[in-house]
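The values are calculated or read from the model by the stated rules, or taken from the named source; none is laboratory data. All values derive from a computational prediction rather than experimental measurement. Note that we place each Cβ from the backbone using ideal geometry, even for glycine, and neighbour counts take in every protein chain shown.
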Amino acid sequence: MRKIVLAVLLVNASALLYSQGEAPSQELEAGERVVTEVPVVPESKVDDSTVLSEEEKNLPDSLRQAKEFQLMRSLNPKDSLLEDKKVPEKRFITIGFTVGPTFSTYGLAGMNGSTAGWGPGVQLGINCDLPFGQKPVGQYFSIQPELLFSYRHVPMELVGFFPDGGHDLEGEPTGSYEKYDATDDVIYMNVPINVKASARYKKGRAFVSLAPMISLGLYGNRTVDGLSTLLFQSDADEQREEPMYNNFDFSFYPRLGYDSDKGLSVSVGFQMGFINMQKASGEGVIKNRSLSLNVGYNF
């Protein structure tokens, strides 16, 4: 009786060990070994780095199988071998530069029918992309401060009052309103702080961002009939003690773009200024508007 009980216990123990993968390889009647099935490496991916070495092939079954599974795992670093268990993508801090054309105009109001067209320019700058840590939220959100320098050319058709030398009964000068052409050429230093949301799409990341942007006017010049007038500085030649334009602007800067895994980045952005650039009160409202196309590279 004891022998029968002992035999039953041994059989159960052997079955339990085998079900947990701890049983040693056993010879079958056909002379074959019981081995765990390993996923086959696609032929298109087989090279010196995706096959075991001769030394590894001669390892014991358990060690060789571990090497094979480790090799298969390396073929898919972003996801685990289990389809229902995704591994969060690890993102890193990047530094990059951008350059591209701009098309700028003004939003005008209260200027007696004056209009502004779109003019070409150029913008270049540097940026730093800072993910929200390595937690899952860091896969989708980052902060990207930028330092941008932009040159803008804006053509305008202005309406101005031209006195004729006379005065009305109240002593006010008389004259007429006439249209004339003018162009503004300005250089700005812009500092946007982009709040950036992105997600993986094919071999890169599509993104959308929104930034508050501070702009500082470094140089400004208005040309009328070949004569130039400074915009951000006083002009003694015109006996003007105050600048025509404010050299500070605050705006929103939304963007839409794509960052490839190889570092190339493309985006389109639009600046919408909120501050009246006219320095003198009662002269109407001029606000910055600018469309930018950016091509860059991230390291």
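Conditions tested, residue by residue: (1) under 30 Å from residue 144 (Cα atoms); (2) modelled with pLDDT of 55 or more; (3) assigned by TED's automatic domain parsing to the domain that holds residue 245.
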| site | (1), (2), (3) |
| --- | --- |
| 47 | no, no, no |
| 63 | no, yes, no |
| 66 | no, yes, no |
| 77 | yes, no, no |
| 104 | yes, yes, yes |
| 118 | yes, yes, yes |
Subset of the range 134-181, residues exposed (fewer than 11 other Cβ atoms within 10 Å of the Cβ) and of a type in the set (Asp, Glu), comes to 164, 168, 170, 172, 178
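For a quick check of your reading: which strands (runs of 3 or more DSSP E) sit entirely within the range 244-294 and have at least 2 residues that are among the small types (Gly, Ala, Ser) and surrounded by 14 or more Cβ atoms within 10 Å (Cβ to Cβ)? Show your work before the answer.
Details: elements: 248-252, 255-260, 264-273.
Passing ranges, in order: 255-260, 264-273.
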Residue 90 fails exactly one of (1) surrounded by fewer than 16 Cβ atoms within 10 Å (Cβ to Cβ); (2) in a strand (DSSP E or B), namely (2)
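Please go through the range 118-177 and pick out each residue that is among the charged types (D, E, K, R) and not in a strand (DSSP E or B).
We begin by selecting, within the range 118-177, every residue among the charged types (D, E, K, R); these are 129, 135, 146, 152, 157, 164, 168, 170, 172.
Residues satisfying the conditions are 135, 168, 170, 172.
Quick one: which of 212, 192 is surrounded by fewer than 22 Cβ atoms within 10 Å (Cβ to Cβ), at negative phi and not aromatic (Phe, Trp, Tyr)? Break it down into steps so the answer makes sense when it comes.
Numbers: 192 fails: surrounded by fewer than 22 Cβ atoms within 10 Å (Cβ to Cβ).
Result: 212 is the single residue among 212, 192 that is surrounded by fewer than 22 Cβ atoms within 10 Å (Cβ to Cβ), at negative phi and not aromatic (Phe, Trp, Tyr).
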Of the conditions (1) touching a residue at least 60 places away in the same chain (Cβ under 8 Å); (2) within 24 Å of residue 287 (Cβ to Cβ); (3) out of contact with any Asp or Glu (no Cβ under 6 Å at 6 or more places or on another chain), the single one that residue 200 does not satisfy is (2)
